[in-house]
Amino acid sequence: MKFGVFDHMDRARSDLGQQFETRLRLIELYEKAGFYAYHLAEHHATPLGMAPSPSVFLAAVAQRTKTLRFGPLVYTVNLYHPLRLIDEICMLDQLSDGRLELGVGRGISPYEVGYYGVDPATGPERFAEALDVILKGLTQPRLDHHGKYFTFKDVPMEMRPIQQPYPPLWYGANSLESADRLAKQACNAVVGMRADGVGQFAARYRAAWTALGRAEADMPMIGLSRHVVVGDSDKEAQAAAKRAFVLWYDALIHLWRAHGVGLPRQLIPAAFEDALDQGYIIAGSAATVRDRMKLDNEIAGINYCICRMAFGDLSFEESARSVELFAREVMPALQ
C-alpha cells in the first residue's frame, strides 16, 4: 500500500499568495511524512481550483521537494495545444529529476471547457486523439500525425522526459466500464466511488490486466480518494472537517449552481453526516481513522490510498497536525 495526497486547491479564506506558500509548506510535510505522491487538480473559472495552470504550481513543488513524486490529476488535455503540453511535461520531469506522475483527462465540467471555446460534445473523441499525439511526441524524435483535430508534419521533438518512454499515466475513473480501457493502457486510476464500487472496479481492472497476460506484480496503482482529517479526538476532527467540508462543497457545485443545474453525477452527498457515514470523509482520532480506512481499503481492494488533507478553510496547523498523526499512527497499520 502506498499513500498519496490529492488537492483541489480550492479557495481558502487567506489571500491567494499566502495560500500558495502555505500549501508548499504543507507539501514539504507530505514528503517528510512518507507520502508517495502529490496530485493537483486543474479547474477554471471556479473557486474549486486556484491552480488553473498546474504546471506553474508543480514547478514550485519540484524545487521545494526532493523525493516526493507529483503531477496533475488531471491535465484538462482538451484545453491545451498538444505541442505545448508535451513541452511542459518534459520540463517538469527534467526539473524534478524524473518525479512526474502524468494525469490526463478531458475535463468533467462542460462549463469550464466551454469558456475556452471547446465543444463538450467532442470531448471524448478530441481527448483520445490529443493523448495519442502527446504520447507520440514524448517517444518519437519527430512528430507526424494526421487526424480530425490535429495535423503535424515532421515536427522536431527537441525535449525528452527523464522517465522513459514517458511518466506514469493517471486517470480519474468514475465508471466500471473504464476499467478495461485503463488496464489496456497500463494506466493508474483514482476511482471516485464508495469503497464497494471501487472494489468492483478493482476486480474488473485486475481481470482485464490478467487477461492481457500481464503479471499481478506489475499492475498499476488503483486508488480510492477521500477527505481525511485526523485530530486528537473524534469531536475535534469532525468539527474541523465539517466546517471545511461546507466551504469545499460550495466550491464544488459553484458553476453548476450558477447555471441553474445540479451536478450530473452526485457522487458525494451534500450533507456532511451522510458523506462521513458513506466514507467519502474520514475524520476522527487516529484510531477512528485507522479502523475505518482499514475496513474500506479491504473492501475496495486498492493498492493506493489517496487523501485530501487540505480543503475548505482548514488552517495550516490543523492540516499539519492531521498529517503528523496520520503518518505516525495510521500509515504503519495500513501498510
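The values are calculated or read from the model by the stated rules, or taken from the named source; none is laboratory data. Nothing here was measured: the structure is a model prediction, and the numbers come from that model. Cβ placement follows ideal geometry from the backbone for every residue including glycine, while neighbour counts extend to all protein chains displayed.
Okay, here's what the table says:
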| quantity | calculated |
| --- | --- |
| Among the candidates LYS242, LYS235, residue that is without any contact (Cβ under 8 Å) to a residue 24 or more places away in the chain and outside any loop (DSSP other than H, G, I, E, B) | LYS235 |
| Subset of the stretch 119-130 [under 16 Å from GLY147 (Cβ atoms) and either in contact with a strand residue (DSSP E or B) (Cβ under 6 Å, 6 or more places away or on another chain) or aliphatic (A, V, I, L, M) (or both)] | ALA128, ALA130 |
| HIS227, sole failed condition from (1) within 19 Å of the chain's Cα centre (by Cα); (2) in a helix (DSSP H, G or I); (3) of a type outside the set (Phe, Trp, Tyr) | (2) |
| Any chance ALA183 is in a helix (DSSP H, G or I), closer than 25 Å to LYS136 by Cα and either in contact (Cβ under 8 Å) with a residue 24 or more places away in the chain or of a type in the set (Gly, Ala, Ser) (or both) | yes |
| Yes/no for ARG265 being surrounded by fewer than 17 Cβ atoms within 10 Å (Cβ to Cβ), at pLDDT below 95 and not in a loop (DSSP other than H, G, I, E, B) | no |
| Residue ranges of helices (runs of 4 or more DSSP H) in the stretch 272-335 with at least 3 members basic (Lys, Arg) | 286-300 |
| Pair list, Cβ under 7 Å, 6 or more apart: the stretch 213-229 residue without any contact (Cβ under 8 Å) to a residue 12 or more places away in the chain, other residue assigned to a loop (DSSP other than H, G, I, E, B) | none |
| Residue within the stretch 312-330 that is in contact (Cβ under 8 Å) with a residue 60 or more places away in the chain, at positive phi and either aliphatic (A, V, I, L, M) or buried (at least 20 other Cβ atoms within 10 Å of the Cβ) (or both) present | yes |
| Output for the stretch 181-197, where each listed residue is aliphatic (A, V, I, L, M), modelled with pLDDT of 95 or more and either touching a Ser or Thr at 6+ places or on another chain (Cβ under 6 Å) or closer than 10 Å to GLY223 by Cα (or both) | ALA189, VAL190 |
| Flag for GLU273 being over 21 Å from the mean Cα position of the chain (by Cα) and under 22 Å from ILE27 (Cα atoms) | no |
| Residue selected from the stretch 204-224 under the condition farther than 18 Å from GLY284 by Cβ and in a strand (DSSP E or B), by the criterion farthest from the chain's Cα centre (by Cα) | ILE222 |
| From GLN238, GLN335, residue being at pLDDT below 95, polar (S, T, N, Q) and more than 23 Å from GLN19 (Cβ to Cβ) | GLN335 |
| Scope the stretch 67-81; condition surrounded by fewer than 20 Cβ atoms within 10 Å (Cβ to Cβ) and part of a loop (DSSP other than H, G, I, E, B); matching residues | THR67, TYR80, HIS81 |
| Pick from the stretch 36-53, criterion free of Cβ contacts under 8 Å to residues at least 60 places away in the same chain and farther than 18 Å from MET309 by Cα, ranking: surrounded by the most Cβ atoms within 10 Å (Cβ to Cβ) | PRO52 |
| Options ARG13, ARG84: the member that is without any contact (Cβ under 8 Å) to a residue 12 or more places away in the chain and either basic (Lys, Arg) or part of a strand (DSSP E or B) (or both) | ARG84 |
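Yes/no per residue for (1) in contact (Cβ under 8 Å) with a residue 60 or more places away in the chain; (2) within 26 Å of TYR30 (Cα to Cα); (3) crowded, with 22+ Cβ neighbours inside 10 Å:
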| position | (1), (2), (3) |
| --- | --- |
| ALA62 | no, yes, no |
| LEU95 | no, yes, no |
| PRO110 | no, no, no |
| GLY123 | no, no, no |
| PHE127 | no, no, no |
| LYS136 | no, no, no |
| HIS145 | no, no, no |
| ASP154 | no, no, no |
| GLN163 | yes, yes, no |
